[in-house]
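**Student:** Here it is, the structure, as structure tokens.
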Amino acid sequence: MRFMIMHKNDPQTEAGQPPPMELVTRMGAFVGEYAKTGRLIDGAGLSGSKTRTRLVFRGGRSTVKHGPYRGEHELPAATLLLKVRTREEAIGWAERYGKILGDGELELGKVNEPWDIGLMPPPENPPLQMLLIEKAELTEAGGRSAKQKAELTRLKTEMAKAGVLVRSFQLKPSSTAKRLVFIHNELKVLDGPFAESKELLGGFAVLELSDMDDAIGMCRRYAEILGGTLEIDVRLVDPDDG
């Protein structure tokens, strides 16, 4: 089974503070265990909201708001990793994506690169990686129409041919999910479906795991490395995403 493990943003990241190198080292070793066995599919951390852009679509019009801002409707339905030259280019693709869906909300968040967390000097003119997050509205209420699915498939194919789309994941509704609330390493498990979270997504990992219990066990270690007090959503990835 394929799971997306999503942790919420923290005050240090929101303030633009790089993580301590000890944390980077421990998380690297932890993630490396899953990478070596082929269970790690994808993963990334996101910068604070000052690097993000929110797009709201209503009645055929879109409103673009740049961060910093607080979380509002933070329940992802899908994620697309984009590689672009500028944030404006990413916004252009996101607007096309959002117009297919109709009323709804998207967010673009800058992905943390190795040079953002002090692992190496920045290269000259690096590409910009942005995570496009589709907020759950239609998908929680019953899914997309056949027309929307066909148009999104065509757009994603165009994005891939242009070298913009790196990866995409469609998530199953939150009724199949778990929300893990850790306070000083003590865990409380909440069953979905969920109301929309107010906490911005701080990072994610996509892994092949045997079942939900395996995912929760993995999250216990993940949470301990991140300080033991945080919120994590465990969502099933839709195998029929295509």
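The values are calculated or read from the model by the stated rules, or taken from the named source; none is laboratory data. Quantities reported herein were computed from a predicted structural model and do not represent experimental measurements. Heads up, the Cβs are rebuilt from the backbone with ideal geometry, glycines too, and the neighbour counts pull from every protein chain shown. Only protein heavy atoms, including side chains, enter the accessible area calculation; ligands, DNA and RNA are left aside. Shrake-Rupley method; radii C 1.70, N 1.55, O 1.52, S 1.80 Å.
**Student:** So, with a 1.4 angstrom probe, what is the percent of accessible area on the chain that is carbon and sulfur?
**Tutor:** Working: 6300 of 12000 Å².
Heavy-atom surface of the chain belonging to carbon and sulfur, 1.4 Å probe: 52 percent.
**Student:** With the contact rule set at Cα under 8 Å and sequence spacing of 6 or more, what percent relative contact order holds for the chain?
**Tutor:** Normalised by residue count, the contact order of the chain is 34 percent.
**Student:** Then there is this: So what are the ³J(HN,Hα) numbers for segment 47-62, from phi and the Karplus equation (6.51, -1.76, 1.60; θ = phi - 60°), rounded to whole Hz, Gly and Pro as x?
**Tutor:** So the J values, rounded to whole Hz, are 6, x, 5, 5, 9, 10, 9, 10, 10, 10, 10, 9, x, x, 10, 10.
**Student:** Find how much the distance from Arg87 to Leu40 grows on full extension, using 0.36 nm per residue of separation minus their present alpha carbon separation; answer in nm with one decimal.
**Tutor:** Here the segment from Arg87 to Leu40 would lengthen by 14.2 nm.
**Student:** Separate question: Of the listed peptides 7-15, 105-113, 32-40, what is their order by residue-averaged count of other C-beta atoms within 10 Å, with the highest listed first?
**Tutor:** Numbers: 7-15: 17.3, 105-113: 22.7, 32-40: 12.7.
Per-residue mean Cβ counts within 10 Å order the peptides as 105-113, 7-15, 32-40.
**Student:** Explain nothing, just the number: relative contact order of segment 147-242, from Cα pairs under 8 Å at least 6 residues apart, as a whole percent.
**Tutor:** 38
**Student:** Let me ask something else. Apply 1/(1 + (r/R0)^6) to the Cβ-Cβ distance of Ala146 and Thr176, taking R0 = 25 Å, and write down the FRET efficiency to the nearest 0.05.
**Tutor:** So, using R0 = 25 Å, E works out to roughly 0.65.
**Student:** Evaluate the distance, in nm, between pseudo-label points positioned 7 Å from the Cα of Glu158 and of Asp191 along their respective Cα→Cβ axes.
**Tutor:** For Glu158 paired with Asp191, the spin-label model returns 4.3 nm.
**Student:** Please turn the phi angles of segment 13-18 into ³J(HN,Hα) values with the Karplus equation 6.51 cos²θ - 1.76 cosθ + 1.60 (θ = phi - 60°), one per residue in order, whole Hz, x for glycine and proline.
**Tutor:** 5, 4, 7, x, 7, x
**Student:** Let me ask another. Normalise the Debye intensity by I(0) for segment 85-212, one equal point scatterer per Cα, no solvent, then take log10 at q = 0.15 Å⁻¹ and round to two decimals.
**Tutor:** For segment 85-212, the Cα-only Debye profile gives -0.94.
**Student:** Follow-up question, since we're still on this one. Read through the labelled values (1) 76, 45, 36; (2) 81, 39, 33; (3) 45, 44, 34 and report the label of the one computed as Cα extents along the principal axes in Å from the structure.
**Tutor:** Structure-derived value, by its label: (3).
**Student:** Another one. Mind listing which trypsin sites (Lys or Arg not before Pro) in segment 181-242 are in a DSSP loop and have 15 or fewer other Cβ atoms within 10 Å?
**Tutor:** Passing sites in segment 181-242 are Lys198.
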